[in-house]
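What follows is one structure encoded as structure tokens, with my remarks underneath.
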Amino acid sequence: MALSESSTDNYALIDPDVRLMLEVRDGSAAAFEELMLRYQSRLVTVLEHLVGRRGQAEDLAQEVFLRVYRSRERYTPGARFSTWLFTIANNVALNAKRSRSRRREVNVEPAESGAFGAAPLEQMAQAASGQMPTRQLDKAELRDVVRLAIATLSERQRMAVLLSKFEEMSYADIGAAMDMTPQAIKSLLSRARENLRTALEPYLQRGDRPAPEVP
């Protein structure tokens, strides 16, 4: 069911990225370039955690933007632009993982710095463990370990954690992106935090790195 004109106006008023996407719908190439600038590195960061490979994440980010552009004439705001964009990103990542060959690899190499530096991952490690490390940790090593810990989560838990931590989305927005209720997202994040704590504590205490399962 199409949204009313007033609903469209409301989303445009509260979200400048919706306004840009409406300009894209009207044929503005400059608005599309601005959206790409705002979201490129953020998309790659989230997609890298979902698929485990930097190069593939960069390719998938381009696919996401291509889908956005192709659907521009049909665009009608029904959520914040970031929610709509990461809904597409979630679907693209799931499709990529389904079509991947039987041999799956877990990328444990340090990723290039994107829009998010060490701080969010270090804070995630501290928040998940509920304590400061008893060992002196190298920041680059800690980033790698947190990535490994995130890789131990289920696909849904991983996506919810990434949207919550990196995109600072509400339960409602994450639910919209993942087709789940806000209450279900709250429960999902609670389980994810507990799983991250379990994965990270051996490393923070003794240096034992998490070991994601390779299907």
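What follows is calculated from the coordinates using simple rules that are stated; it is not laboratory data. A quick note: this is a predicted structure, and the numbers were derived from the prediction, not measured. Backbone-built Cβ (ideal geometry, glycine too); neighbour counts: all protein chains shown.
For a footprinting-style exposure proxy, rank Thr45, Thr181 by other Cβ within 10 Å, fewest first. Present the calculation step by step, with values, prior to reporting the outcome.
Values: Thr45 23, Thr181 13.
Fewest-to-most Cβ neighbours within 10 Å comes out as Thr181, Thr45.
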* Which one of Val24, Asn10, Ser41 is farthest out on the positive end of the charge dipole of the stretch 8-62, using unit charges on Cβ (Lys, Arg +1; Asp, Glu -1) and the Cα centre as origin? -> Ser41
